[in-house]
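Just so it is clear, none of the values below were taken in a lab; they were calculated from the coordinates. A quick note: this is a predicted structure, and the numbers were derived from the prediction, not measured. Counting neighbours? That spans all protein chains shown, and the Cβs are built from the backbone with ideal geometry, glycine included.
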There are 2 protein chains.
Amino acid sequence: MIGKSQPRIDGVSKVRGTAMYTDDIRLPGMLVGKLLRSPHAHARVLHVDTSAAEALPGVKAVITGRDLPIAYGMLPVSQDEHALAVDVVRHVGEPVAAVAAMDERIASRALDLINVDYELLPAILDPSEALVRNDVKIQDRAVEANVERRVRLVFGDVEDGFRRAVHVRKDRFTKKGAGHASLEPHAAIASFTQDGLTLWTATQVPHYVHRTLARVLQMPMERIRVIKPTLGGGFGGKGEPMPLELVASALAVRCGRPVKITYDREEVFFTNRGRHAYTMELETGVTAEGLITAVRFSCLLDGGAYGSFGVVTLYYSGQLLTLPYHVPALEFQGARVFTNKPACGAQRGHGGVAPRFAFEVQLDRIASDLGLDPVEIRLRNQVRSGDVTINELKVTSCGFGECVEAAAEAVGWSRRRGRLPRGRGVGLAGGAYVSGAALPIYFNDMPHSNVVITADRDGGVTVLSGAADIGQGSDTMLALVAAEVLSLPMEAVRVVAADTGITPVDLGSYSSRVTFMAGNACRQAAEELRDKLFAGAAEKLGLAVEDLELRAGVIQKISAAEPAMSFGEAVAAAEGAGVPLTGVGGYRPPDLAGRYKGGGVGPSPAYSFGAHAAEVEVDELTGEVRVIRLAAAHDLGRALNPVAAEGQVEGAAVMGFGETLLEIHEVDGHGRLKASDFLEYKFPTSLDAPEVESLLVESNDPQGPFGAKEVGEGSLHPAIPAIINAVYDAAGVWIHDLPLQPHTVRAAISRGGS
Amino acid sequence: MIGKSQPRIDGVSKVRGTAMYTDDIRLPGMLVGKLLRSPHAHARVLHVDTSAAEALPGVKAVITGRDLPIAYGMLPVSQDEHALAVDVVRHVGEPVAAVAAMDERIASRALDLINVDYELLPAILDPSEALVRNDVKIQDRAVEANVERRVRLVFGDVEDGFRRAVHVRKDRFTKKGAGHASLEPHAAIASFTQDGLTLWTATQVPHYVHRTLARVLQMPMERIRVIKPTLGGGFGGKGEPMPLELVASALAVRCGRPVKITYDREEVFFTNRGRHAYTMELETGVTAEGLITAVRFSCLLDGGAYGSFGVVTLYYSGQLLTLPYHVPALEFQGARVFTNKPACGAQRGHGGVAPRFAFEVQLDRIASDLGLDPVEIRLRNQVRSGDVTINELKVTSCGFGECVEAAAEAVGWSRRRGRLPRGRGVGLAGGAYVSGAALPIYFNDMPHSNVVITADRDGGVTVLSGAADIGQGSDTMLALVAAEVLSLPMEAVRVVAADTGITPVDLGSYSSRVTFMAGNACRQAAEELRDKLFAGAAEKLGLAVEDLELRAGVIQKISAAEPAMSFGEAVAAAEGAGVPLTGVGGYRPPDLAGRYKGGGVGPSPAYSFGAHAAEVEVDELTGEVRVIRLAAAHDLGRALNPVAAEGQVEGAAVMGFGETLLEIHEVDGHGRLKASDFLEYKFPTSLDAPEVESLLVESNDPQGPFGAKEVGEGSLHPAIPAIINAVYDAAGVWIHDLPLQPHTVRAAISRGGS
């Protein structure tokens, strides 16, 4: 079944509208929770008077930061958040108090009745100001001024590299922040009874939410159950514990009744955790043949008010620069600063998007400087399977060259690049990404993914996995892997996932880890179950295990129709004590931790590669850019389910397209969101999206399940520079600032380029 | 923890109203289903015209019996039901057609628009008429006239027994039918998508519902998931697959949207499956000392229109007569007949209630005839641990004598029986019941109960069990057994039960089997988990397994504080491959099947015993009887959770009290329900109930988990005859017909007794 397109197991319920998202859940006696948010970008909270709100009939509880005093945060190094502000608010929209009430109308009225005394503090909204401004401290833990973290990594002999270069380019690039724009807003429902706290939440990381709830609520983990219902898009925006999860839980504990909180769209933008705004300087040296000799990269990340995933974002910004090209020497300097804005965090393609844009555009400029073909310079520098980069990224499999050729071929590169009519052009860019992080978010040596498969007498199997299907299709992937190993139809595999009360731990959906890690755990579990079935069947049939094969749900003598028994019969035969038959599997990354000398975040067990080619049309009068199509080649190791992989590539490419031309998450001079709804925040709908051609390249990773690597994130990276490089081919202008704005293009054209 | 009272793990959610019953569940896009029911007691369905209903806006589907043509039934011998009538309706209220619509109002209007042509057939409402009437066949499968089954069982030398008797009494008794009157009506929600059919249903038997759905819907079992939400009382009334479960499922498949059906109270009474009406003749011979020499018992059961559990009811009516007294010879003849009424089935104390009433009242009359004390005659005849009855019931443990003495003592028997003022009296009666059935409902040799316990890194454990908590507290029992074995607090044990998609098979809640069977499976699973923990801990601590003990969640060196590790640490140490640690357990009854020669239903692995003493006041003017109190002694083997066991005894005693004085499920001359709501159907509320004193007697059954046997059903039996016997003590009249009616008492008093 592997390699043949399978419909998603949750497809019909989503199409028919019967899928149960968090906000669809209604519990008896359920209250509505709402958050009061700060109107100020930076202020001291002097006093919160909740008495009038508490007195309002229908209000069941009002809480403030004092009720949830324990700080938390996604990374051990950045435990700097509170569910509700304690003493200080650091951005407009930060939650200050919360109510639980009989209905939404009463809850809203109660918020109006809460009186907060603020003492205004100076707000820092410009990241370069944050670098130097010592008189205002957004976070006490800043290492200097408002710098959360500075990183300097040096690999190889950078000076020597630049000395060897015959050509060196140094360019400056910027990219504004962007948001995830998941169609489903954040939502959580908490219920607290004698049997503990149950939280249904739209999260990518049930396990980390579980841990954070235990810590902040001071409740043992075994008293807490976190369940992820059907989820309507995450992209990183639901990748860490969120205030509503803690607040709904605290209110449920307080009231003894379930409490639901669903964010409205403005609240989602206040929550942010989206793409950081970047300012970058990139310097690259090459030989006369275009071979890279050294790279020097520095960047400033505008982190917003809290840490979130930001330290990882910063490290990834440097580390991932050594793929997909052979970079013999790299110097990376970066800083992430605090500003009085909603915090930035992880977003699809996390850490690699802006630097890749810079790198790939500069590489085209270098090719142009040297008179080389952009495809050629990429192929000359490509890494290959078996390479280990200067910063010790181990390339276990690599189809990058094939991706470049496939993407180029798809747009007729050789006959069309530089030869299309004025205003029309093609461009190409590459990329690479992690297939899961080798280190967990908190330090422990337990497996990152665990899967249990049970078979009972009904003839099917149940896969229990903590992995979170966030729309990317991981439940379908698990069903497929189990069905393949056990030779069952997909319909005979039931997947029960992301319920900490019954499914084994999985670290969650981030860093493109699920197919690689949960897929491997699932395969192992299915193989263990198969071995037990074979043992039972062999005994019953009077054959040796080696004489048996499993085919289309039947265990039979190899190459013979008889003797045979059905899957269900084999389960009964193997059940022994009659308990359900189980197979278990766990995945730990190979021991790469510690090999990486430069910092706290180790590399990935495998890397995906990709190259996109874009064809664009530029209206030279208005500067508007239309992307006609994207040919998106991606080395995903192995396409377990091609239609699903193609969907991931398409979605990522379209998201990259949106970040190239449209998306801006930023605040005005008072720290207020410029766009707080889907009227103002521009992102592509299906009508706006270019045609995307997914080109799947299979390099068969030796560690991946059936050879598979990631597909959903890395395939975003090349889309942006491919479009920008195509704009150059069409209009002769180089765009260094994202998103591309028509007036910039027009101005550059009138200046005669760049 | 065993033997100390523990609060129910679902107690708070039930008290606070946050527990999720089936009808509380709302799914996106959910439709409302409703059933059209026959107004006739017996008729041929000539034609069902659904066109007008289908045309009504908001109606999504209309189905009839032709859409669900496959027959089903609880017992393999009685597959005689259809979810919707096919060709013939056999009682008033039988479902004929069903609709799914946008809301309840539209669904009701649609029912009005369905036009059914009936050809009326003669209805048989009197069971004695059913015995002889050959011209009307309610069911083709009747063995003669309208007799579903005749049973004749003879054990020992009955003729010789009566010859040896110095005194023989022969009496006639009757009991009307009664209903379960669960506060929660039947409710079911079906959802059908690509990943199969999911049915949430208020059932006692998820596994049998699962099997029946597969058969009737012609769908593989692995495509079906049955989940029992919180349930508001079963008592046998939810102990078999019901039309609404099949109809909701069929409608959901048809519509592609979830469909909910909740019965109203009249529909619950139409569904019935309650206590059979009995006509009984009992003849008992005794020696001069009151020792029983032989028993001859015959009974006629009014079964209603379908088989349901009736064949079991009939066999139990005879088989259970040989406990709790030594009966050297028994002749049993019984018949169950079909009538044009809602079918009778299993109700708390199933099969034993009416015969026990007859036996215990007659025993008092015999004692009276011989001048023996009713307590004394019972003690002289009592069975004891180790006895095997003449019909091969093996008494593995018995505290019957102790129960009799405790109940008598509680009402001051020796100084008050026969000595209270006129109009006041005390009475006593005994009983016995099965602790689970040794045979499953369908023939297979798999365990009857399976339990899986998993421990993950959160420090707690999860118990996965198919057992159905129907309000009796089985979830709490499972938590307690696991907590005891694993030395954990109750709060650290999460119970996930009755979900065929994730929990291992358990046959369900009937025949008082759950504590005995699921309790044993749970204990075995917990012990296996504990062994794994000890092995892991021993290795980590550098000790031998034999040197370790588990105490209050800590594994430590025996009698030493050090070295030690917490439960969670031991789980991590034992996890090995890192998958969750699991323990599994299964319970199969000892191989008693086949030993029983008389019929298809074998005995139980253990028997509970009990004796109740009642104190009553009789108003001689009105004939009204007031039960002042019931002292209810019950040998439950071991009280795992005394407060829960006391609750069961109280509930059963009050239910017996209701059947003694109030409850009547019967139809009028047209086959229409006489009582179809809780205004007309009289049953005791908490305000009507007498004071009940639960007296727990522990005989420590060698096979039961920690010695436990059943408690919830057997403790109903003695309540009825104890009250009737007390009425004799108070007013000098013997009541042979249930329920006791004041005018009968008054008439008997004016006749001067009997």
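Odds and ends about this structure:
- Length-normalised contact order of chain B in % [C-alpha pairs under 8 Å, at least 6 apart]: 15 percent
- Pairs exceeding a 24 Å alpha-carbon distance, out of A:Lys14/B:Lys14; A:Lys175/A:Lys238; B:Lys137/B:Lys341; A:Lys14/A:Lys238: A:Lys14/B:Lys14.
- Chymotrypsin sites (Phe, Trp or Tyr not before Pro) within region A:387-477: DSSP coil, no more than 14 neighbouring Cβ in 10 Å: A:Tyr442, A:Phe443
- Counting from the shortest, the label point at A:Leu370, 7 Å from Cα toward Cβ, is 11.4 nm from the same position in each remaining copy.
- Label-point separation in nm, B:Arg141 to A:Met219, each point 7 Å along Cα→Cβ: 5.0 nm
- Helical content of chain B, expressed as a calculated mean residue ellipticity at 222 nm, amounts to -8500 deg cm²/dmol (DSSP H runs of 4 or more residues, -39,500 (n - 2.57) each, divided by residue number, nearest 500).
- Computed on region B:449-587, with alpha-carbon pairs under 8 angstrom and 6+ residues apart, the relative contact order is 34 percent.
- Antiparallel DSSP beta bridges within region A:352-507, percent to nearest 5: 60 percent
- DSSP-defined beta bridges in chain A - what % are antiparallel, rounded to 5: 80 percent
- Close amide H partners of A:Leu439, meaning residues 5 or more places away or on another chain with modelled amide H under 5 Å apart, are A:Gly602.
- Taking the square roots of 5 times each eigenvalue of the Cα gyration tensor of region B:449-587, largest first, gives ellipsoid semi-axes of 28, 14, 12 Å.
- Take the Kirkwood radius over Cα pairs of the protein assembly as shown, plug it into Stokes-Einstein at 10 °C and 1.306 mPa s, and you get 45 µm²/s for translational diffusion.
- Karplus-derived 3J(HN,Hα), 6.51/-1.76/1.60, for each residue of region B:214-221, Hz, glycine and proline x: 4, 6, 6, 7, 6, 10, x, 4
- Estimated FRET transfer efficiency when R0 is 22 angstrom, pair A:Arg66-A:Asp126 (beta carbons, to 0.05): 0.10
- Zero-based 20 Å bins, Cα pair distances in chain A, whole percents: 17, 48, 29, 5, 0
- Of A:Ser317, A:Ser686, the sequence from fewest to most neighbouring Cβ atoms within 10 angstrom is A:Ser686, A:Ser317.
- Under 25 Å of direct C-alpha separation, and excluding same-chain neighbours fewer than eight residues apart, A:Lys557 reaches these lysines: A:Lys532, A:Lys540.
- Length added when fully stretched, A:Asp619-A:Glu539, from 0.36 nm per residue minus Cα-Cα: 21.4 nm
- Sites excluded, GluC sites (Glu not before Pro) in DSSP loops with at most 13 other C-beta within 10 Å, longest stretch of chain A: A:290-679
- Expressed per residue, the C-alpha convex hull volume of region A:163-208 stands at 168 Å³.
- Over all other residues within a Cβ to Cβ distance under 12 Å of B:Val132, the charged ones net out to -3, with Lys and Arg as +1 and Asp and Glu as -1.
- Anisotropy class assigned to region A:25-102 is oblate, per the alpha carbon gyration tensor with a/c at or over the 1.5 cut-off and a/b no larger than b/c.
- Taking the DSSP bridge list for region A:449-587 and keeping only pairs wholly inside it, about 80 percent are antiparallel.
- Using the Karplus relation 6.51 cos²θ - 1.76 cosθ + 1.60 with θ = phi - 60°, the per-residue 3J(HN,Hα) values for region B:279-294 come to 10, 10, 10, 10, 10, 10, x, 9, 7, 5, 7, x, 6, 5, 10, 6 Hz, with x marking Gly and Pro.
- Net +/- balance of residues flanking B:Ala497 in space, Cβ distance below 13 Å, scoring K and R +1, D and E -1: -4
- Among A:Ser465, A:Ser385, A:Ser509, A:Ser699, sorting on how many other beta-carbon atoms sit within 10 Å of each Cβ, with the fewest leading, yields A:Ser385, A:Ser699, A:Ser509, A:Ser465.
- Sequence-ordered 3J(HN,Hα) estimates for region A:507-514 from the Karplus curve with 6.51, -1.76 and 1.60 and θ = phi - 60° stand at 6, x, 9, 7, 6, 6, 9, 6 Hz, glycine and proline given as x.
- Cα centroids of region A:183-198 and region A:436-510: 22 Å apart.
- Peptide B:7-16 - average C-beta neighbours from other chains (10 Å radius): 4
- Averaged over peptide B:438-451, the number of partner chain Cβ atoms lying within 10 Å of each residue's Cβ comes to 2.
- Taking B:His717, A:His326 and counting other C-beta atoms within 10 Å, the order from fewest to most: A:His326, B:His717
- Net charge in the neighbourhood of A:Ala110 (other residues with Cβ under 13 Å of its Cβ; Lys, Arg +1, Asp, Glu -1) is -1.
- Shielding by partners for peptide B:17-25, expressed as the average number of C-beta atoms from other protein chains within 10 Å of each residue's C-beta, is 4.
- 7 Å along Cα→Cβ, label-point gaps from B:Gly732 to other copies, nm, shortest first: 12.8
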